[in-house]
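Shown next, in structure tokens, is the structure this report addresses.
Laboratory data are not the source of any read-out in this text; all were calculated from the coordinates shown. Treat the numbers as computed from the prediction; the structure is a model and nothing was measured. Here the Cβ positions follow ideal geometry from the backbone for every residue, glycine too, while neighbour counts run over all protein chains shown.
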Amino acid sequence: MGERIWKIYTACLSLCLFLQGCLPAGSMLPGIATPIEKLPTVPGLTAEEVAVLASLTRVDDYPLYTMVTTVDYEASTSGAGSSPNAVRPDYGIAWACSLFAALGDQDTALYGRNFDWDHSPALLLFANPPGGFASVSMVDIAYLVPEDKQDRLAELPLAERTELLAAPYWPFDGMNEHGLVVGMAAVPDSQVPHEPGREGIGSLGIIRAMLDHARDVNEALAEMGRYNISME
């Protein structure tokens, strides 16, 4: 089992580090500023989902957005199998993300990566789900939102931002409250074993599962061992 898990690990991730000093356990993530009772109602959405969409903030002209979610997104399976290759085709061009960690000082450990792909707006997502660990992750909005809406998301009515409710399932990298960092990058192909009886999950879905449920690398590997992971 250990060998199989390791093969899955090398197939989909180039870096998965336990950085004890990056984010102290229990750190407070940004909250949703507007009380739910003061938000408008949107047909088909719960008050909590409306609050998530209302928390969207445009930070700069890239544009970079931030958003906060506290809803139980794990209760819905929509998007849980997310894989980037299933949405964007292979353009036949060279690309490869870079990831790094600077661990010289445990009190100020740093992690970073570049997303070596087409230019598109980004979303820094703060998640604090019931039953899961708080985390911050980076989402490429191009996988969720039509191009004509990407630069003006913060100006749209809440009912026209609903694609963003799937953002938790599209983390290309992230860090949780225990300092576990997970990032995706291209590595040489390998065969991912299929185990009968295991639930299927996509390459981005497994990143979300690890951020939500793993405290360190060993727990992250154990989480990966629960699934059949699709890299398609």
Least to most buried among LYS38, LYS149 (fewest other Cβ within 10 Å first):
LYS38, LYS149
Starting from the Cα of VAL187, step 7 Å along the direction of its Cβ; do the same at THR108; then give the gap between the two resulting points in nm.
3.0
The simple spin-label model distance between ARG226 and ASP151, using points 7 Å out along Cα→Cβ, in nm, is 4.2
